[in-house]
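This structure is in structure tokens; I'll ask about it shortly.
Every read-out reported here was derived from the displayed coordinates using simple, explicitly stated rules and does not represent laboratory data. It should be emphasised that the depicted structure is a prediction, and the values quoted were computed from it without experimental measurement. Cβ atoms come from the backbone with ideal geometry, glycine included; neighbour counts cover every protein chain shown.
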Amino acid sequence: MLTNYVYKLRPNQTQDSKMSHWVDMLRSHYNWCLNDRITHYNQQFIQGNYCEIKTQSEVSPLTCYVSKNGATGNPWKDSKTDASGKTKNPRRSAGDIQITALPDLKIARPWYSGIDSTVLQQNVKRLDTAYKNFFEGRGFPKFKNRSNFTSFTFVMGIKIKGNKIYSPKLGWMRFYNSRSIPDGFTIKACTVRKRQNGWYVSVRIENKSVPYTIAKSLVDVVKVIGCDLGITKLVHLSDGCQIENPKFSTSKKAKRTLKIRQKRINRKIKGSKNRQKAAKKVGRLHQKIGERRHAYQWKVANKIVSRNVDAIAIENLNISGMKHRCQVKIDEKTGRFLKNGQSRKKGLNRSISDAGWGELILKIEYLAAKQGKVTIKVNPKHSSTECRNCGHIDKSNRDGEKFICVECGYYQHADIGAAKTIRDRALKMVRGDSAKPGIF
């Protein structure tokens, strides 16, 4: 079993300044590695062959790299001869090349010698993960700034004794031991992260003797509960239960508090210490809101997963697509921009972000897998406008939370009906149209 425990660190002044310095250097190294890969990709696959000045001949950048200043220039390993006598000259990945070039980096920039070598290696592997996500269909890796690069990872030399943790080149550091590590678990890695109110460490622990709970197969699923996510109510369940949405950042009190504190920043002189203090207060407010939302989502996920069911049906939502900007409308005669409803949609986007549907779905999936239950993602198309009595689909069927079918007059709560429709679609995916037992 593999899991993570998070603790708040209590570093002294020297350790605090050293970790801040590490984060700045690692961010610079990450950006340099990303730029190096982009540059050499352009040289190898876009610019094509080039003329070498010394030999005055045409050279292919796949075998002879153009820029000798980069780390990813020479992709080939030294030739080796195997048992059959064949010569092998395998190609290395960009991550392997940049990790191999780390000793040269420390010679050229001696200040990087103060950082643990495994931390530098994990920094390169972090970029490898970003490229892997890109090839799986997500966005291309971006250059980091101070706001989105605040952590580094150790994979070796971590020790915990009482309320102190040891990490290479940082030494022993106190932390709030709010949760003791169970017996039999070993430390695999730890990630140090800077937040608004201090430094935190996430310790990854593993115990191979503790087995993972194996989820049921779809054939064994009997009872299914459907979940419909919303804004007025956070979750509507097919058994009629409704879970409140506290609106941590979009309530009147939260918006007023944030507006006041943001005004205090704008009234301060740019670059002054008072402006930095005011900005920290705004950051702490956002952190408090995020922590409250995080804790509430775990409570909601536990409430859903703890029910006596075999599977949980959830909407397969494209949340990022739901928050896209409205299409621009232009008057053909005058060429002026027309109203497209973006100002109204801005409030909806904020409410969607405040609800945190994506994080809630991940927590439900995690707890369901931990308890051996199945999570089924269902296409939510027309789930709230389809009549459960006659099957008629029409937008006019729904008026807020009321559902009245314009075809047969069937009446029900719109969101609870949508949750039941999601449940029925999950049952069809599991057993077919004849599946009726064990529904909620």
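By average Cβ neighbour count within 10 Å, what is the ranking of 319-329, 16-26, 202-212 from highest down?
Peptide ranking by packing, descending: 16-26, 202-212, 319-329.
Exceeding 23 Å between C-alpha atoms, which entries from my cross-link table qualify? They are K142/K370; K247/K345; K208/K377; K8/K263.
Over 23 Å Cα-Cα: K142/K370; K208/K377; K8/K263.
With springs only between Cα atoms under 10 Å, which of R425, R284, R179 fluctuates most in a Gaussian network model of the chain?
Checking each option, the largest mean-square fluctuation is seen for R179.
Under a 10 Å cutoff between Cα atoms, tell me which one of P182, P11, P103 has the largest fluctuation in the Gaussian network model of the chain.
Top of the fluctuation ranking is P182.
Please report, in debye to the nearest 20, how large the charge dipole of the chain is about its Cα centre when each Lys and Arg carries +1 at its beta carbon and each Asp and Glu carries -1 there.
In total the dipole reaches around 2740 debye.
Considering only the chain, what is the antiparallel percent among its DSSP beta bridges, to the nearest 5? Show your work: numbers first, answer last.
Details: 49 of 58 bridges.
If we restrict to bridges inside the chain, about 85 percent are antiparallel.
Then there's this: With only Lys, Arg, Asp and Glu charged, each at its Cβ (+1 for the first two, -1 for the last two), find how big the charge dipole of the range 1-41 is about the Cα centre; round to the nearest 20 debye.
On the way: 5 positive and 3 negative charges, 31 e Å.
Once rounded to the nearest 20, the dipole reads 140 debye.
I've got another one for you. What residue among A108, A414, A278 has the largest mean-square fluctuation in a Gaussian network model of the chain, using Cα springs under 10 Å?
A108
Which option, (i) 84, 64, 57; (ii) 76, 58, 51; (iii) 70, 63, 45, is the value of Cα extents along the principal axes in Å that was calculated from these coordinates?
Of the labelled values, this structure produces (i).
Moving on to the next point. Can you give me the distance in nm between label points at R256 and R284, each placed 7 Å from the Cα along the Cα-to-Cβ direction?
2.2
A further question follows. Assign one of three labels to the range 372-426, namely rounded, prolate or oblate, based on the Cα gyration tensor with a ≥ b ≥ c the square roots of its eigenvalues; rounded applies when a/c is under 1.5, prolate when it is not and a/b is larger than b/c, and oblate otherwise.
Because a/c hits 1.5 or more and a/b exceeds b/c, the range 372-426 counts as prolate.
If the chain between C241 and K216 were fully stretched, how many nm would it gain, using 0.36 nm times the residue separation less the Cα-Cα distance?
So the chain would gain 6.5 nm between C241 and K216.
For a test of the definition: using alpha carbon positions, the gyration tensor, and the 1.5 limit on a/c, classify the range 145-297 as rounded, prolate or oblate. Display every interim value, and only then the final one.
Working: a/c = 2.98, a/b = 1.07, b/c = 2.79.
Judged from the Cα gyration tensor, the range 145-297 comes out oblate (a/c at least 1.5, b/c at or above a/b).
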